[in-house]
């Protein structure tokens, strides 16, 4: 009687001869055919073909597929000369790919590739060295964003010492040194400008320093102080342009009085400041004394320029004066989509974002160089929750945080929730606690503060 395993070997061999390599390998493994001599011989042939395909994948830059084929071949045939040769080709290609990513500045992705190789247990020469270089480069990037260019240069020098043959490391160190020199000049000039109360100069210098170091706390604080001084003078002397109001007013020529809804400023250390609006409807307008709008902007726009209202799962923009959405003039209520650019008047541009699919909150980012009064990096239209943390889809992206922190509303109060214990206003909480209008929150790797605005409009908080 013909043994079943012989039939399975023949089927696997026919699949191999027909070019169905994956099918042949699967049949060999699932039927445990390598325990028979014909199966072992077939396994050697399949392993050779897998090794050839792995090398071709390396040439095509599909390294994930190459390593997968190499692992499959090793499982059925062990280490063979063909597999060792393929492993060398894949290792060299993987390291070249990581080096290319590091050279182009995509450090986080390079680390991801190197970690995949480490987790897979691939014994590749230089792998650990390249990982150390990548981590030092990432550290230098984080330090540079904060304006700590001296420490960043030290990290890059250590990376150069690990492998001097990587010429892009020396180029990055040279560039870092140039930024260090420039930042010292700007910092000295900025301190002088602040000391002399030359706020226009201080604003310009702070912006220049932030171009070098986007998370420089010194520059952020200086810019906030400068905007408070310069912005007030601009607002006092500014005469808004007359534009047609799309929605007829009950009393032509007069603006209807409005009181700002509940709001506060959220300061996140090392990240920035955000104006948080809790009302379902907010009014955007010019930053002038007594205007009472929710989102006051220093710029060329009307006292009450537009309204944004949260309706169900979406947000609707109601233009009161000239507004463009995604480049198109709008004269009626318009549903906002994630990524839409809103232009108010001439040149004041914001981007509407709904980054987190599980939250109804939205964010307004400034595309132009305008800012709110008081100064903030952006505006959060907070619904039931606001998520801060390292993931790109969070409302506030905090790259160096280890996990998410959530602000949420419950029973007409505001709470903070984190994965680990947090300290709120000096009291230790087990990952959750209630916030007041001027609370300070500290975690293992973060800190943030709430700053009350108009007392009459923000108390009670909700």
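Please indicate, with yes or no, whether at least one residue in segment 319-335 is in contact with a strand residue (DSSP E or B) (Cβ under 9 Å, 6 or more places away or on another chain), in the same structural domain as residue 450 (by TED's automatic domain parsing), under 26 Å from residue 435 (Cα atoms) and not in a loop (DSSP other than H, G, I, E, B).
No: segment 319-335 contains no residue that is in contact with a strand residue (DSSP E or B) (Cβ under 9 Å, 6 or more places away or on another chain), in the same structural domain as residue 450 (by TED's automatic domain parsing), under 26 Å from residue 435 (Cα atoms) and not in a loop (DSSP other than H, G, I, E, B).
With respect to the numbered conditions (1) touching a strand residue (DSSP E or B) at 6+ places or on another chain (Cβ under 6 Å); (2) surrounded by fewer than 17 Cβ atoms within 10 Å (Cβ to Cβ), which one is the sole condition not fulfilled by residue 393?
Against the list (1) touching a strand residue (DSSP E or B) at 6+ places or on another chain (Cβ under 6 Å); (2) surrounded by fewer than 17 Cβ atoms within 10 Å (Cβ to Cβ), residue 393 comes up short only on (1).
Take the residues in segment 396-418 that are touching a residue at least 60 places away in the same chain (Cβ under 8 Å) and outside any strand (DSSP E or B), then tell me which one is surrounded by the fewest Cβ atoms within 10 Å (Cβ to Cβ).
400
Of everything in segment 437-462 that's part of a loop (DSSP other than H, G, I, E, B), out of contact with any helix residue (DSSP H, G or I) (no Cβ under 8 Å at 6 or more places or on another chain) and surrounded by 15 or more Cβ atoms within 10 Å (Cβ to Cβ), which residue is modelled with the lowest pLDDT?
Keep residues of segment 437-462 that are part of a loop (DSSP other than H, G, I, E, B), which gives 437-439, 443-446, 453-454, 459-462.
Narrowing the set further to residues that are out of contact with any helix residue (DSSP H, G or I) (no Cβ under 8 Å at 6 or more places or on another chain) leaves 438-439, 443-446, 453-454, 459-462.
Next, only the ones that are surrounded by 15 or more Cβ atoms within 10 Å (Cβ to Cβ) stay: 439, 443, 446, 453, 461.
On the way: 439: 91, 443: 87, 446: 88, 453: 76, 461: 37.
Restricting to residues being part of a loop (DSSP other than H, G, I, E, B), out of contact with any helix residue (DSSP H, G or I) (no Cβ under 8 Å at 6 or more places or on another chain) and surrounded by 15 or more Cβ atoms within 10 Å (Cβ to Cβ), the top hit is 461.
For residue 421, indicate whether it is out of contact with any helix residue (DSSP H, G or I) (no Cβ under 6 Å at 6 or more places or on another chain), assigned by TED's automatic domain parsing to the domain that holds residue 316 and exposed (fewer than 15 other Cβ atoms within 10 Å of the Cβ). Steps first, please.
Values: out of contact with any helix residue (DSSP H, G or I) (no Cβ under 6 Å at 6 or more places or on another chain): yes; assigned by TED's automatic domain parsing to the domain that holds residue 316: yes; exposed (fewer than 15 other Cβ atoms within 10 Å of the Cβ): yes.
So residue 421 fits the description; yes.
Could you check segment 161-186 and list, in sequence order, the residues that are surrounded by 18 or more Cβ atoms within 10 Å (Cβ to Cβ) and without any contact (Cβ under 8 Å) to a residue 24 or more places away in the chain?
173, the sole residue that qualifies.
Can you go through 278, 301 and tell me which one is crowded, with 18+ Cβ neighbours inside 10 Å, assigned by TED's automatic domain parsing to the domain that holds residue 401, modelled with pLDDT of 90 or more and over 28 Å from residue 440 (Cα atoms)? I'd like the intermediate steps shown before the answer.
Numbers: 278 fails: over 28 Å from residue 440 (Cα atoms).
When all the criteria are applied, what remains is 301.
Residue 364 fails exactly one of the following numbered conditions: (1) in a strand (DSSP E or B); (2) modelled with pLDDT under 90. What is the number of that condition?
(2)
Can you spot a residue in segment 121-135 that is within 30 Å of residue 229 (Cβ to Cβ), assigned to a helix (DSSP H, G or I) and touching a residue at least 12 places away in the same chain (Cβ under 8 Å)? Steps first, please.
To start, the set of residues in segment 121-135 that are within 30 Å of residue 229 (Cβ to Cβ) comprises none.
Taking every residue of segment 121-135 in turn, none turns out to be within 30 Å of residue 229 (Cβ to Cβ), assigned to a helix (DSSP H, G or I) and touching a residue at least 12 places away in the same chain (Cβ under 8 Å).
The values are calculated or read from the model by the stated rules, or taken from the named source; none is laboratory data. The structure displayed is predicted, hence computed values, not measured ones. Neighbour counts are summed over all protein chains in view; Cβ atoms, including those assigned to glycine, are modelled from backbone coordinates with ideal geometry.
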